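Written below as structure tokens is the structure these notes are about.
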Amino acid sequence: MLQITCPWCGPRDETEFSYGGQAGVAYPKQPSALSDEQWGTFVFFRENPKGRFAERWVHAQGCRRWFDAIRDTATNDFLP
Amino acid sequence: MRFTFAGTEYEGRDGETLAAALVRHGVRGGFASIGLGRPRGVFGWADEEPNALVQIGPKPLQRATLVELTDGLVAEPLKGKGRIFEASDDTWYDARYVHCETLVIGGGAAGVAAAEAGGGRVIVLEASPHSALTSDSTQGLRVLTRTTAVGLYDGNYVVAVERDRRVWHIRAKRIVIATGAVERPIAFPNNDRPGVMLASAACRYDLGGARVVVYTTNDSTLAFPDAVATVDARSGRRVVDTLGAERLEGVVLDDGSTIACDVLAVSGGWNPSLNLWSHRGGKVQWDDKIAAFIPTGELDGVEVVGSAAGAGLPDVSPVWLTGGDETVTFLDLERDADLAELRRGIGAGLRRAEHLKRFTLIGTASDQGKTSGVIAMGAAAEIIGVPLADLGTSSFRPPFVPVSFSTLAGRNRGELFDPKRETPMHAWHVAHGAIFEDVGQ
Amino acid sequence: MREGHPDFLWRNPEPKSSYEVVIVGAGGHGLATAYYLAKNHGITDIAVIEKGWIGGGNATRNTTVVRSNYLWDESAAIYEHSLKLWEGLSEDLDYNVLYDPRGVLNLAHSLGDVREGQRRVNANRLNGVDAEWLDPDDVNEFCPIVNVSPDARYPVLGATLQRRGGIARHEPVVWGFARAADALGVDIIQGCEVTGIEVEGGRAVAVKTTQGRIAAGRIGLVAAGHSSVLAKYAGVELPIQSHPLQALVSDLYEQVLDTVVMSNAVHVYVSQAHKGELVMGAGIDAYNSYTQRGSNHVIEHQLSAALELFPIFAQARVLRTWGGIVDVCPDASPIIGATPVEGLFVNCGWGTGGFKATPGSGWVFAWTLAHGKAHTLNEPFSLERFTTGALIDEHGAAAVAH
Ligand SMILES: Cc1cc2nc3c(=O)[nH]c(=O)nc-3n(C[C@H](O)[C@H](O)[C@H](O)COP(=O)(O)OP(=O)(O)OC[C@H]3O[C@@H](n4cnc5c(N)ncnc54)[C@H](O)[C@@H]3O)c2cc1C
Ligand SMILES: [Zn+2]
């Protein structure tokens, strides 16, 4: 059970949150301008590092807000 | 108080465990091993017990060393396998979620010291029924006896089980592991004969007028009461065999002499209990002086103190190999795994603790290898001719002791397993005779 | 065939400076690849490089469910190819892998499940995969300890049954492939981590390891949960996310369950191993992680679900829980084939369900490494499908994909 710090509510149990995967993946400005390869990359490819990972969480059973966090995927420790 | 074991009724005492009562009544054997059906008896004192497994009603594989006697208790010895069946059960399984600044796991001397020094809200977990501390809410101190920490998880989260029916989920700022150390045996031919026990267990049981021989590798047995003889491995002496059939009648020494006895109290050294430390990925290293693994490196917010950290443990001159018939030299009593099989695994090309464990099944039984893991690795290292540390260690996984499905499921059963969700119109639909499609919600 | 491990397993050789083929990862798939390369294609100048020990990854952490009743033609073809290999594997490896076709039940708990299940039975039959639909009474007869009461929170409305599905035992499978590969001259190098891949002019030429540089004609990455990390050493991105997946065993009981029962809706899959322990899998933890451990609440949920289906388990006890790192692909199907880097091939993305594919996966990947291109069985499972959109979506058959 991870302990995740919601920027608005403070530290809470993992079970209050839902996971959103990699942070900072912007929706393409002009999807129709992308090649198949670029579109495929946007839809299917996400970073999967062993180590520092910027990720999204939503405090689904709390304030219901999304936020970013940085976690070390090799240790599960949240990093400042 | 009366209780029944294997169809025979015995008198029991308040606060006694089933194992203690059996030993007091002179029951040395009473159990049989899983594979070979060899006679076995009470061997340990607490959760390290590999032999004395019983079925109590619908509850399989209870360790007699942990079963507190109650009037009318009926226990059947098990040959390594239990029985599960449907039975009514009115136990109220429950869970608690708590937070504290300091969580102390283990209520021995080191645990008590840590609790007294610990700041803020302090929780102490103690597996046995007794603790030198008592809860004091004015001081923010909560002491939970009969409560075993079974898992240490990310985010300093500990899961503990109280009396098989209440699960504590504890989030702590700081965790102090004070789980102590467990004695380990010595491997020699016929070392499984009923009457061979860990010295730390033998000296706590009421052995009546039994003739006790002590076989040791260290000073922890110095104060052993009333032994007829002590065989000290440090002076080169060895127990090379045991005599008897259904129960121990004597031991054979390296010079061919024999000593008649009813109990052989063995001490092969002490293993710090590092299961919880290992659950979170804590590392261990081999310490030659005490011949045991001790914690090394750091885990954020977790400390190990007392004998769990190796402190105060005696120097040990381990005896890994004795010679003689290796097919009856048992390394893992619960799995019935012997030295000959370990040697075969090494011959097959295996060089790692993890492989040897899977080849021989040593350490995979319900005692989680508490008495077998290290003696097997010691023997393997000596056979291969490498330092023990080269074999790597096999990591421990939760739970520290087995926990029933019902306990862990708690209240989340039946209607509360996944509460049904209905729309506000549901009652109206029912009233108007609607036919429903089961969509799972 | 006799049970138990043989008197000799493998050598512990020092790595040479160069091999015709280097396989990274001594899990079941990597070792099977080496074995079939040697046996079927006569290539024996092979190193299998493993950072830990043989089978230390998912290969011996899984719940050993074997079946081939996948929905789509492409999947049915490759998993059925694998199941046929299972049927002769003990003889082939001369090692009893305890493959036991005791049947796999997939329970349906809602009308949606029923429709999906019946559709899958039809699809399987069209593909020559054995499949049956059971109604609740048949389920009760086939596996009497399943609670088929209509009052259950998730009542059993039926089930698919693949009788040739079942379980096997991991060590003999993984060790059997290792032993057979070793006997054919393959060097299995344990305790040797690959820390880089040398690419020259668009071609992979060597791996850097903790035991030095090892040159290679072709390189196959078969590293399950670590596939993204390895591919990145060569600049290759994979559409994979690594998640913890947990499982548990109970202590030993007299036999009560002689089949495999899976339920997607309540997230249970359970079997009772030959020695007597109940083996159960949980769901994946939601977040990416490379720690081989998951969260306790996932296990607790798993046990609640199990007790709904199997009231008889009430006093069974959890002996051990553990986790593996699974490589999850967007369409719940694997990636087996070439990468944009010449000479570098991947076999990954098996996620929560690759144990059953071990022989088949090794067989097709060996073919691919030997010929430098995909076999017809693994052609659809290319990396390009994430550009072309020709996905093979097995989420339905594989929501709890084991
Ligand atoms: C809990 C659990 C339950 C499962 N249940 C089932 C099931 O019931 N049925 C089923 O079909 N599938 C199941 N699976 C999935 C199955 O186990 C995997 O899909 C399959 O084992 C993956 O292939 P593998 O055996 O080759 O992987 P692995 O055994 O993981 O092999 C990969 C190897 O690569 C090594 N490696 C990684 N990085 C490096 C490096 N840099 N250098 C050198 N070596 C490296 C690793 O150490 C590892 O040994 C389950 C998985 C888990 C975790
Ligand atoms: Zn919040």
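The values are calculated or read from the model by the stated rules, or taken from the named source; none is laboratory data. Quick caveat: nothing in here was measured; it's all calculated off a predicted structure. Positions of Cβ are backbone-derived with ideal geometry, glycine not excepted, and every protein chain shown enters the neighbour counts. These area figures cover heavy atoms from the full protein model, side chains too; ligands, DNA and RNA do not enter into them. Shrake-Rupley method; radii C 1.70, N 1.55, O 1.52, S 1.80 Å.
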Exercise. Dipole size in debye (nearest 20) for chain B around its Cα centre, Lys and Arg Cβ +1, Asp and Glu Cβ -1?
Worked result: 520 debye
Exercise. Against the longest principal axis of chain C, how steep is helix C:111-126, in degrees 0 to 90 to the nearest 10, with axes from Cα atoms?
Worked result: 50 degrees
Problem set entry | Simple spin-label estimate for C:Q255 and C:L126 in nanometres, 7 Å along Cα-Cβ | 3.8 nm
Exercise. What spacing in nm lies between the two simple spin-label points modelled at C:S17 and B:V439, each 7 Å away from Cα in the Cβ direction?
Worked result: 6.8 nm
For this session: State, as an integer percentage, the relative contact order of chain C based on alpha-carbon contacts under 8 Å between residues 6 or more apart.
Result: 23 percent
Problem set entry | In order through region B:169-184: 3J(HN,Hα) via Karplus (6.51 cos²θ - 1.76 cosθ + 1.60), integer Hz, x for Gly, Pro | 9, 10, 9, 10, 5, 9, 10, 10, 8, 10, 8, x, 9, 10, 5, 10
Problem set entry | Unmatched cysteines, the protein assembly as shown - criterion: no other Cβ of a Cys under 4.7 angstrom | A:C63, B:C100, B:C203, B:C261, C:C143, C:C192, C:C329, C:C348
For this session: Figure the gain on full extension for B:A229 and B:A427 (residue separation times 0.36 nm, minus the Cα-Cα span) and round it to one decimal in nm.
Result: 63.2 nm
Seminar exercise, completed: Inter-part gap, Cα centre of region C:302-357 to Cα centre of region B:19-43, in whole angstrom, is 41 Å
For this session: Anything over 25 Å Cα to Cα? Flag those among B:K79/B:K283; B:K173/B:K357; B:K81/B:K283; B:K59/C:K275, in the order listed.
Result: B:K79/B:K283; B:K173/B:K357; B:K81/B:K283
For this session: Springs between alpha-carbon atoms under 10 Å, Gaussian network over chain B: tell me which of B:D332, B:D14, B:D89 tops the mean-square fluctuations.
Result: B:D89
Exercise. Of B:V263, A:A60, B:G363, whose Cα points farthest to the positive end of the dipole of the protein assembly as shown (charges on the beta-carbon: +1 Lys, Arg; -1 Asp, Glu; origin at the Cα centre)?
Worked result: A:A60
For this session: For n ≥ 4 DSSP H runs only, could you compute -39500 (n - 2.57) per run for chain B, divide by its residues and tell me the 222 nm figure to the nearest 500?
Result: -4000 deg cm²/dmol
Seminar exercise, completed: Rounded to the nearest 10 Å², the accessible area of B:M425 using a 1.4 Å probe with every protein chain kept is 110 Å²
Problem set entry | More than 36 angstrom apart: percent of Cα pairs within chain C | 21 percent
Exercise. Percentage of Cα-Cα pair distances in region B:2-77 greater than 15 Å, rounded to whole percent?
Worked result: 48 percent
Seminar exercise, completed: Each residue of A:9-18 has, on average, a number of other protein chain C-beta atoms within 10 Å of its C-beta equal to 3
For this session: Take the Cβ-Cβ distance between C:R203 and A:R65 as r, set R0 to 51 Å, and report the resulting FRET efficiency rounded to the nearest 0.05.
Result: 0.60
For this session: Round to the nearest 10 and give me the degree value, 0 to 90, for the angle of helix B:373-384's Cα axis relative to the longest principal axis of chain B.
Result: 50 degrees
For this session: Could you order peptides C:330-336, B:80-86 by the average number of other Cβ atoms within 10 Å of their residues, highest first?
Result: C:330-336, B:80-86
Seminar exercise, completed: Per the rule of 0.36 nm per residue minus the C-alpha distance, extending B:E249 to B:T138 adds in nm 34.4 nm
Exercise. If you look at just the Cα atoms of chain A, how large are its Rg and its Dmax in Å?
Worked result: 14.8, 43
Exercise. So, with +1 on the Cβ of K and R and -1 on the Cβ of D and E, and no other charges, what is the size of the charge dipole of region C:168-281 about its Cα centre, to the nearest 20 debye?
Worked result: 420 debye
Exercise. In debye to the nearest 20, how big a dipole does region B:183-267 give about its Cα centre with +1 on each Lys and Arg Cβ and -1 on each Asp and Glu Cβ?
Worked result: 120 debye
Exercise. What's the angle, to the nearest 10 degrees (0 to 90), between helix C:28-41's Cα axis and the longest principal axis of chain C?
Worked result: 60 degrees
Seminar exercise, completed: Which of A:P11, A:P28, A:P49 fluctuates most in a GNM of chain A (C-alpha springs under 10 Å)? That residue is A:P28
For this session: Using a 10 Å cut-off on Cβ atoms, rank the peptides B:216-224, C:318-326, C:15-23 from the highest mean neighbour count down.
Result: C:318-326, C:15-23, B:216-224
For this session: Normalising by the residue count of region C:212-317, find the relative contact order in percent from Cα pairs under 8 Å and 6+ residues apart.
Result: 25 percent
Problem set entry | Cβ neighbours within 10 Å from other chains - mean over A:67-76 | 4
Seminar exercise, completed: Stokes-Einstein D for region B:183-267 (25 °C, 0.890 mPa s, Kirkwood Rh from Cα pairs), in µm²/s, comes to 197 µm²/s
Exercise. Where does each of C:259-268, C:106-115 land if you order them by average Cβ count within 10 Å, highest first?
Worked result: C:259-268, C:106-115
For this session: For B:K79, put the label point 7 Å out on the Cα→Cβ axis and report which residues of region C:257-277 keep their amide N under 20 Å from it.
Result: C:257, C:273-277
Exercise. So for region B:2-77, taking the charge dipole from beta-carbon charges (+1 Lys/Arg, -1 Asp/Glu), which of B:G35, B:L18, B:V67 sits furthest toward the positive end?
Worked result: B:G35
Exercise. Each label point is 7 Å from the Cα along the Cα-to-Cβ direction; what then is the distance between the points at C:H395 and A:A54, in nm?
Worked result: 2.7 nm
Exercise. Taking N as the number of residues in region B:371-418, what value does Rg over Cα atoms divided by 2.2 N^0.38 Å take?
Worked result: 2.05
Exercise. Along each of its three principal axes, how wide is the spread of alpha-carbon positions in the protein assembly as shown, in whole angstrom units, largest first?
Worked result: 89, 77, 56
Exercise. Build a GNM of chain B with springs between Cα atoms under 10 Å: which of B:Q139, B:Q62, B:Q285 gets the top mean-square fluctuation?
Worked result: B:Q139
Seminar exercise, completed: Taking a straight Cα-to-Cα line shorter than 19 Å from C:K39, and setting aside same-chain aspartates and glutamates fewer than 8 residues away, one finds C:E20, C:E87, C:E91, C:D92, C:D94, C:D182, C:D187
Exercise. Which aspartates and glutamates, on any chain, are close to A:K29 with Cα under 18 Å apart, when same-chain ones fewer than 8 places away are left out?
Worked result: A:E37
Problem set entry | Debye-sum result for region C:257-402 in log10 I(q)/I(0), which assumes one identical scatterer on each alpha carbon, at q = 0.12, 0.13, 0.17, 0.18 Å⁻¹ | -0.61, -0.70, -1.02, -1.09
Problem set entry | Tail fraction, Cα-Cα pairs, region C:138-237, threshold 24 Å, whole percent | 54 percent
For this session: Grab the Cα-Cα distance for B:T91 and B:E11, subtract it from 0.36 nm times how many residues apart they are, and report the gain in nm with one decimal.
Result: 26.1 nm
